[in-house]
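The values are calculated or read from the model by the stated rules, or taken from the named source; none is laboratory data. Note that the structure is a prediction, hence the values are computed from the model and not measured. Don't worry about glycine lacking a Cβ; one is built from the backbone with ideal geometry, like all the others, and counts go over all protein chains shown. Heavy atoms of the whole protein, side chains included, go into the accessibility calculation; ligands, DNA and RNA do not. Shrake-Rupley method; radii C 1.70, N 1.55, O 1.52, S 1.80 Å.
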Amino acid sequence: MHDLKRYVPRKLRDSGTAFLQLVGLRPRPILQSKGYCVCCSASTVFRSFDPWLRDHWICVRCKSIPRERALMWTIETFFPAWREAMIHESSPGGRGASVRLAKECQGYCASQYFQGITCGTLVDGVRCENLEALSFPNDSVDLHVTQDVFEHIFDPDVAFREIARTLRPGGVHIFTTPLVEKSKPSLRCALLSDGKVVHFRTPEYHGNPVSSDGSLVTMRWGYDICDRIFQVTGLFTQIVYIDALELGIRAEYIEVLVTRKPANPPNKAP
């Protein structure tokens, strides 16, 4: 066998997976385990070749990732009647919980935000909705679902109020958003002022299913998001953290948040 060290740059040799692929060897997974996937409802294998498990520890059957499985587990646990519910999911993905919800719930409604389009309008069969100005009537949605959306909203307070307005009594908003600040105060990264974006730190973008420009990160949330939601809506929110190898749920920033509208709201004072 040739002495590959003579022909392959050290940087490439040290990159692990890339080097193994170059020399024709199969890389070993960083983490692999057998278990049950709540997104495809089947026994499976969870496998990652990258230490960043949040985006790379996939189910080999449905390609779901940990935060999607954590979200689906939370929906089944905290809102078990979801199949008979009216569900609105903003900016769904093409895998994981989004696929299962659409497949098994007849009342599932998916939406994307298209700038310049009136909310409630269909664009190539997809409903346009802006979380800051939802077109749904008051008390009309049983379950709002958002996956990694609230770190991209310019006015999250308005969006939280819109979700609270449109939830039926007893309805729930179940969502993920990276709680990167943890016990530190949440940080605003950008805002809109007179139609212009004002940045408070180096701009960061995440993938956007309807735009190649990506989605600007506007907030870096911490655990105080629960207090923020209560302050603007009066609704209580709990954080669900799951670490379960057998369910393929282990990674950083995979907390799921559950905001519930009371089934019997208190009477208003006269």
* Structure fact -> Taking a label point 7 Å from the Cα of residue 231 along Cα-to-Cβ, the residues of segment 131-161 whose backbone nitrogen sits under 19 Å from it are 150-161
* To do: Sort 154-160, 193-199 for me by packing, meaning the mean count of neighbouring Cβ atoms within 10 Å per residue, highest on top.
  => 154-160, 193-199
* Pop out the carbon and sulfur fraction of the accessible area of the chain as a percent, whole number, probe 1.4 Å. => 52
* Using a simple charge model, +1 on the beta-carbon of Lys and Arg, -1 on the beta-carbon of Asp and Glu, nothing else, what dipole does segment 214-258 show about its Cα centre, in debye to the nearest 20? -> 180
* **Theoretical gain in end-to-end length, residue 102 to residue 81 [0.36 nm per residue, Cα-Cα removed]** => 6.1 nm
* Asked: For the chain, what is the mean residue ellipticity at 222 nm derived from helices alone (per DSSP H run of n ≥ 4: -39500 (n - 2.57); sum divided by total residues; nearest 500 deg cm²/dmol)?
  -> -5500 deg cm²/dmol
* the chain: Rg/Rh from Cα coordinates, Kirkwood Rh? -> 1.03
* Asked: Considering only DSSP beta bridges with both partners in the chain, what is the antiparallel share in %, to the nearest 5?
  -> 65
* Size of the dipole of the chain about the Cα centre, Lys and Arg at +1 and Asp and Glu at -1 on the beta carbon, nothing else charged, in debye to 20? -> 1000
* Förster-model FRET efficiency, 22 Å R0, residue 199 and residue 157, C-beta, rounded to 0.05 -> 0.65
* Structure fact -> The percentage of Cα-Cα pairs in segment 96-169 separated by more than 20 Å is 32
* Tell me, what are the semi-axes, in whole angstrom and largest first, of the equivalent ellipsoid of segment 168-229 as set by the roots of 5 times the Cα gyration tensor eigenvalues? -> 23, 17, 13
* Over the chain, average the accessible area per residue using a 1.4 Å probe and give it in Å², no decimals. => 54
* **Distance between modelled label sites at residue 252 and residue 30, nm, 7 Å Cα→Cβ extension** => 0.9
